[in-house]
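Chemist: Please see the structure below; I have some questions.
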Amino acid sequence: MSARKFQKIESNELSLKLAKIAELIYKAEEIHEDTGEEPTTDFQKLYTQAGIEGTEIGKGKFSYFALYEEFAKIYIEFISKVMRTYALKTRETEIEFINILLDDGNYLVLEGEEDRVVIPHPSAIASTHTHPNVCVFSHKDLETASYLFIKNYLAVGVTTDECLLLIFRKGAYTLEDKNELEKLARITKKSKTLQDVLNGYKNSRFNQLALQMVRIV
């Protein structure tokens, strides 16, 4: 009988802050789509001209689109702190771990298999898993990312103990972005070298998605 795999669920200050930002983003997207009005924000609340339910009357300092960048910035800090220990384990054993940030601010950490982690993704905000050596998505990772963005995830990442590569939304996930992400998955699958993969990233042209690589120190 196989040993039981590691799993935990908990929250921290950063995960709870991320859930709050995500709540603002989802509400702002709904308002923008339903009414055509672009809500504004002070990063604590949303504002609309008429004070639509869930917002305040008035105008915040920033367009709600600034919330996506704020989410990505805090999420990078969150993953760097929470997942580095697991990334070190992956480097040593090649067994991967995944972090799933849930809607309520709790996060799951689940142990996968050697060189892969396969789980049914729940309704959630973001997902990042560990790789042993290179912060590059496999073609399967990119296919999964497209599926998760359709499910309204805000960010998908891959991390080692030294770096993190993040794909995050800057707005609603568009058909053009879906096609471009799936094109990148095909290029990655066919690539013979790491440079071929990196060229695929370099030549990708996204609309409402952004790629960010950060060094973890």
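Chemist: Which percent, nearest 5, of DSSP beta bridges in the chain are antiparallel? Intermediate results must be reported in sequence, preceding the final value.
Modeler: Values: 32 of 39 bridges.
Looking only at bridges with both residues in the chain, the antiparallel portion is about 80 percent.
Chemist: So what are the ³J(HN,Hα) numbers for segment 204-214, from phi and the Karplus equation (6.51, -1.76, 1.60; θ = phi - 60°), rounded to whole Hz, Gly and Pro as x?
Modeler: 6, 10, 8, 9, 10, 10, 9, 10, 9, 9, 10
Chemist: What list of ³J(HN,Hα) couplings, whole Hz, do you get for segment 151-160 from phi and the Karplus terms 6.51, -1.76, 1.60, once you set θ to phi - 60° and write x for glycine and proline?
Modeler: Working through the residues one at a time gives 7, 5, 4, 9, 8, 9, x, 9, 9, 10 Hz.
Chemist: I'd like to check one number: the per residue accessible area of the chain, probe 1.4 Å, reported in Å² as a whole number. Intermediate values should be presented prior to the final figure.
Modeler: On the way: 11430 Å² over 217 residues.
Here the residues of the chain average 53 Å² of exposed surface.
Chemist: Still on this structure, please answer the following. So what does HIS131 come to for accessible area, using a 1.4 Å probe and Å² rounded to 10?
Modeler: 20
Chemist: Scaled to the compact-protein estimate 2.2 N^0.38 Å, what is the alpha-carbon radius of gyration of the chain, rounded to two decimal places?
Modeler: Numbers: Rg = 17.9 Å, N = 217, 2.2 N^0.38 = 17.0 Å.
Relative to the 2.2 N^0.38 Å estimate, the chain comes out at 1.05.
Chemist: Step through the residues of segment 11-18 one at a time and calculate ³J(HN,Hα) from phi using the Karplus curve (6.51 cos²θ - 1.76 cosθ + 1.60, θ = phi - 60°), rounding each to whole Hz and writing x for Gly and Pro.
Modeler: Coupling constants for segment 11-18: 9, 8, 4, 5, 5, 5, 5, 4 Hz.
Chemist: Okay, next question. Would you calculate a helix-derived [θ] at 222 nm for the chain, using -39,500 (n - 2.57) for each DSSP H run of n ≥ 4 and dividing by the full residue count, to the nearest 500? Walk me through the numbers before you get to the answer.
Modeler: On the way: 6 runs with 88 residues, N = 217.
The per-residue figure over the chain is -13000 deg cm²/dmol.
Chemist: Would you mind telling me the share, in percent, of accessible area of segment 70-215 contributed by carbon and sulfur at probe 1.4 angstrom?
Modeler: Working: 3330 of 6760 Å².
Carbon and sulfur: 49 percent of the exposed surface of segment 70-215.
Chemist: Could I ask something else about it? Please compute the modelled spin-label separation between ILE9 and GLN195, points set 7 Å along Cα→Cβ, answer in nm with one decimal.
Modeler: 4.8
Chemist: Multiply the residue gap between ARG91 and LYS45 by 0.36 nm, knock off their C-alpha separation, and tell me the result in nm, one decimal place. Mind showing how you got there, number by number?
Modeler: Values: separation 46, 0.36 × 46 = 16.56 nm, distance 4.09 nm.
Difference between extended and current length: 12.5 nm.
Chemist: Once you've got the Cα coordinates, tell me which of LYS81/LYS190; LYS5/LYS140; LYS59/LYS170; LYS73/LYS192; LYS5/LYS190 are over 31 Å apart.
Modeler: Details: LYS81/LYS190 34 Å; LYS5/LYS140 22 Å; LYS59/LYS170 21 Å; LYS73/LYS192 33 Å; LYS5/LYS190 33 Å.
Pairs exceeding 31 Å: LYS81/LYS190; LYS73/LYS192; LYS5/LYS190.
Chemist: Then there's this: Going by amide H atoms built from the backbone, whose H comes under 5 Å of the H on TYR107, apart from near neighbours?
Modeler: GLU10, SER11, LEU102
Chemist: Here's another thing I want to ask about it. Given a 1.4 Å probe and heavy atoms of the protein chains only, how would you sort LYS89, LYS59, LYS8, largest accessible area at the top? Provide the component values of the computation, followed by the final result.
Modeler: Working: LYS89 85, LYS59 175, LYS8 60 Å².
Descending order: LYS59, LYS89, LYS8.
Chemist: Which whole-number percent gives the relative contact order of segment 70-215, counting Cα pairs below 8 Å spaced six or more residues apart?
Modeler: Details: 247 pairs, mean separation 30.4, N = 146.
It comes to 21 percent, rounded to a whole number.
The values are calculated or read from the model by the stated rules, or taken from the named source; none is laboratory data. Remember, it's a predicted structure, so these values are computed and weren't measured experimentally. In this analysis, Cβ positions are derived from the backbone assuming ideal geometry, glycine residues included, and neighbour counts consider all displayed protein chains. Calculation scope for accessible area: heavy atoms of the full protein, side chains included, ligands and nucleic acids excluded. Shrake-Rupley method; radii C 1.70, N 1.55, O 1.52, S 1.80 Å.
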